[in-house]
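> Here it is: the structure, laid out below.
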Amino acid sequence: LWVRSEVGLRGFAPIPGVLDQSHFGRSEIADALLDLQRHKEIVIHEKIAANPANWQALRDRATSFIDNALSKNPERVGYNLSDLRAALRDKSTDVFEALMADLCSSDFVRKESAITRRSHRPVLPAKLQPLAEKIHENLSRKPFDPPPRRELERDPEEQRALKFLIESGKVIEISSDVLLLRENFERMKSAIADFISKKGPATVSELRQALESSRRMIVPFLERLDREGFTRRVGDV
């Protein structure tokens, strides 16, 4: 009765707290929790014991947030977990993590910092497709020296189209303001490897001139290759 009342009173109760806040023994409380779960009077997820109705309501609420977000932005990989956490800020971290584990045990999956339905496949809305094509075209004109990011996303719709291209892997973020089409990233990487293989260690200036790029572009690109372990900087080469 005490365990049932504790969970019923708050709707959600951390199991460690339930075990520690009673004059009953821990094994007695653990047995009581399992018995209540067996009779479907409570549900247990991770470290949380909850009233079934409260848990289902929370689950439905989270599902609604995710589905609404994907409906409005079908091009997105998923709903950002930080946004979902903010929407459910009235729930403790333990309850939120238990909810994520429950959702991801069935119809949902985490993808990096987002959560989405397993069945969801990002699709760019028809009205944004011309914008994506325009961004692709702008990045193609000067393959190794494309325009800065700010010129590619001047309004919210262009931002959506560009985000889709990045999340789908068609565009690679070199830095916060430097973007490359994936095929041009690979071409540029191969060109640098070929130059160094034939002529030995090269300076930034030599590589910039060989690739007809710009310092704005080549410096963050080479820094990325260093981070990947593809190249290694020694002094000025």
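> Please enumerate the residues belonging to the stretch 61-81 that are of a type in the set (D, E, K, R) and closer than 18 Å to K127 by Cβ.
Selection gives K72, E75, R76.
> With respect to I48, is the statement that it is touching a residue at least 24 places away in the same chain (Cβ under 8 Å) and touching a Pro at 6+ places or on another chain (Cβ under 9 Å) true?
yes
> Here's a follow-up. Can you tell me which residues in the stretch 162-202 are surrounded by 14 or more Cβ atoms within 10 Å (Cβ to Cβ), small (G, A, S) and in a loop (DSSP other than H, G, I, E, B)?
S168, S175, A202
> What tally of residues in the stretch 42-77 results from selecting those that are part of a helix (DSSP H, G or I), in contact with a helix residue (DSSP H, G or I) (Cβ under 7 Å, 6 or more places away or on another chain) and open to solvent by 50 Å² or more (accessible area, probe 1.4 Å)?
1
Residue-by-condition table, conditions (1) open to solvent by less than 60 Å² (accessible area, probe 1.4 Å); (2) assigned to a loop (DSSP other than H, G, I, E, B):
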residue	(1), (2)
R89	no, yes
L99	yes, no
I115	yes, no
R121	no, yes
L131	yes, no
F144	yes, yes
R150	no, no
R154	no, yes
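> Right, something else. Do you know which of the residues in the stretch 203-233 that are open to solvent by 70 Å² or more (accessible area, probe 1.4 Å) and basic (K, R) is nearest to P147 (Cα to Cα)?
Step one: of the stretch 203-233, the residues open to solvent by 70 Å² or more (accessible area, probe 1.4 Å) are 206, 208-209, 212, 215-216, 223, 227-228, 230, 232-233.
Filter once more, keeping what is basic (K, R): 208, 215-216, 227, 232-233.
Details: R208: 16, R215: 13, R216: 10, R227: 23, R232: 27, R233: 26 Å.
Residue satisfying both the conditions and the ranking: R216.
> Now, a different point. Between a residue in the stretch 217-237 that is among the basic types (K, R) and any residue that is open to solvent by less than 90 Å² (accessible area, probe 1.4 Å), which pairs come within a Cβ distance under 6 Å, given they are 6 or more apart or on different chains?
The qualifying pairs are R224/I174; R233/D226.
The values are calculated or read from the model by the stated rules, or taken from the named source; none is laboratory data. From a predicted model like this one, the values you see are computed outputs, not experimental measurements. Virtual Cβ from ideal backbone geometry, glycine too; neighbours counted across all protein chains shown. To get the accessible areas, we keep the full protein, side chains included, count just its heavy atoms, and leave off ligands, DNA and RNA. Shrake-Rupley method; radii C 1.70, N 1.55, O 1.52, S 1.80 Å.
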